[in-house]
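Engineer: I am attaching a structure below and will ask some questions about it afterwards.
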Amino acid sequence: MNVKVIETDKSEETLSEAAQKRMALGQEILRKSSGPLGISRSGWVVAILALALLVLPLLGIAELNQRLIAMVLIFAAYAMSYDLLFGYTGIFSFGHALFFGVGAYTTALCALKLGWPIWSGAILGALICAVLGVFVGFVSLRVQGVFFAMVTLALATTAHNLSSKLVDITKGDEGLSLIKASDAPNATTVYLLALALAVISYFGLGRLINSPLGRVLISIRENERRAEMIGFNILSYKVVALVFSSIIASLAGTLYGLRNGIVNPGVLSGDVSLLPLLMVILGGAGTLYGALIGATLIEVLNFSLSSREFVENVKGWFIVGPILEHWLLLLGLIYALIVLFLPFGIVGTWRLYRTRILGLVKGNRNT
């Protein structure tokens, strides 16, 4: 009997050592593939782009364009927070707006009801969402796949209904006007804050994903049962991912409210929950810059197709005009085409074809 116990311990020890060696090998490969200062090529592109966006207000960019770019950056951070769950950990959620909306409402209520500074409400909102992430994680992550998605959808729907019904606190569909807050930031400040959040989210999540914690999250996505057999506590790691994701989503929700000047039940709607999923699928799941690309394309398309000037200009176009007037139908058609012809998203498909092309070139050289 004792011999069997010793053999089991040795087997577990061997599995743990193998896992550690694989993680160390992964870290070494990542270190070698990184560029100067340990930043990847895509990271340098994002850094240069961020510097260019930082200079734009000094060049006198129009407020309308500032607001559009701010919206893109806010949803880019929101999409990256979702990508940590869906793309890197394999957690499929339909209720991510829960954290987005709670962050926005907490900031608005603290500023308008309690007279707190905006930043205090934003921090409190992030802390509440972190606690909420722990609660939702331990309650919901025991079920998997679509069941977890349905539980999160139910929680987000409940929060949406509460925000509409508790009129004395939230003013219902009328919403809370953040413009009335004593220290409400102007458009340029919101733009810079959105830029800061997007950049910090990109590099912060990149650092997390390339850490031993991130490698465990990826191993859970690849094969949850095998990761559990190695000895990892799957539930705890998933909850940690959910907490990081909820904090970023909360801050994105706060900036969304500041950018629009109002917080209403729309921030907790199903549309806001589905938006990061569409952005991540469009850009490429499991790639942070894919989330950036997806958020940019969807928000620019949304803004362009829904603008009154655009609709007025295309009215007279033959056949195309009447179609473009129904821009929501066109947007849905674009989503469907992308899913059909780019199943791995823009970045994922590019990586696939690049690998094939490089393989062919290498094969020709060898022959």
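Engineer: With all distinct Cα pairs included, what does the Kirkwood hydrodynamic radius of region 112-223 come out to in Å, to one decimal, could you say? Numbers along the way, then the final one.
Structural biologist: On the way: mean 1/r = 0.0571 Å⁻¹.
For region 112-223, inverting the mean 1/r across all distinct Cα pairs yields 17.5 Å.
Engineer: Right, here's the next one. By what distance, in whole Å, do the Cα atoms of region 134-183 stretch along each of the three principal axes, largest value first?
Structural biologist: 43, 24, 15
Engineer: Based on Cα positions only, what radius of gyration and what Dmax would you give for region 177-244, in angstroms?
Structural biologist: For region 177-244, the Cα-based Rg and Dmax read 18.3, 55 Å.
Engineer: Further, regarding this structure: For Trp44 and Ser304 in the same chain, what is the full-extension length gain: residue separation times 0.36 nm, less their Cα-Cα distance, in nm? If you can, show how the numbers build up before the last one.
Structural biologist: Values: separation 260, 0.36 × 260 = 93.60 nm, distance 2.89 nm.
This chain segment gains 90.7 nm when fully extended.
Engineer: Order the following by accessible area, largest value first: Lys165, Lys171. Probe radius 1.4 Å; ligands, DNA and RNA are ignored. Let's see the in-between values first.
Structural biologist: Details: Lys165 160, Lys171 85 Å².
Result of the area sort, largest leading: Lys165, Lys171.
Engineer: For region 82-164, what does the accessible surface come to per residue with a 1.4 Å probe? Please give it in Å².
Structural biologist: Details: 3340 Å² over 83 residues.
Normalised by residue count, the accessible surface of region 82-164 is 40 Å².
Engineer: Could you calculate the contour length gain from Arg354 to Asp168, that is, 0.36 nm times the residue separation minus the distance between their Cα atoms, to one decimal place in nm?
Structural biologist: Details: separation 186, 0.36 × 186 = 66.96 nm, distance 5.66 nm.
Going from the current span to full extension adds 61.3 nm.
Engineer: Sort 173-183, 221-231, 285-295 by the packing proxy (mean of other Cβ within 10 Å over each peptide's residues), most packed first. Each step should come with its number before you reach the end.
Structural biologist: Details: 173-183: 15.5, 221-231: 13.9, 285-295: 26.0.
Result, highest mean Cβ count within 10 Å first: 285-295, 173-183, 221-231.
Engineer: Moving on to the next point. Extension gain Leu340-Leu59, at 0.36 nm per residue separation less the Cα-Cα distance, in nm? If you can, show how the numbers build up before the last one.
Structural biologist: Details: separation 281, 0.36 × 281 = 101.16 nm, distance 4.09 nm.
Fully extending the segment from Leu340 to Leu59 adds 97.1 nm.
Engineer: Show me 206-214, 266-274 ranked by packing, highest mean number of other Cβ atoms within 10 Å first.
Structural biologist: Top to bottom by mean Cβ count within 10 Å: 266-274, 206-214.
Engineer: What number comes out for accessible area per residue over region 174-267 if the probe is 1.4 Å? Units Å², please. Present the calculation step by step, with values, prior to reporting the outcome.
Structural biologist: On the way: 4070 Å² over 94 residues.
It amounts to 43 Å² per residue over region 174-267.
Engineer: State the percentage of accessible surface on region 99-166 attributable to carbon and sulfur atoms; use a 1.4 Å probe and exclude ligands, DNA and RNA. Don't jump to the answer; show the numbers that get you there.
Structural biologist: Numbers: 2560 of 3300 Å².
Heavy-atom surface of region 99-166 belonging to carbon and sulfur, 1.4 Å probe: 78 percent.
The values are calculated or read from the model by the stated rules, or taken from the named source; none is laboratory data. Since this is a predicted model, take the numbers as computed values, not measurements. Positions of Cβ are backbone-derived with ideal geometry, glycine not excepted, and every protein chain shown enters the neighbour counts. Ligands, DNA and RNA are excluded from the accessible area calculation, which covers all protein heavy atoms including side chains. Shrake-Rupley method; radii C 1.70, N 1.55, O 1.52, S 1.80 Å.
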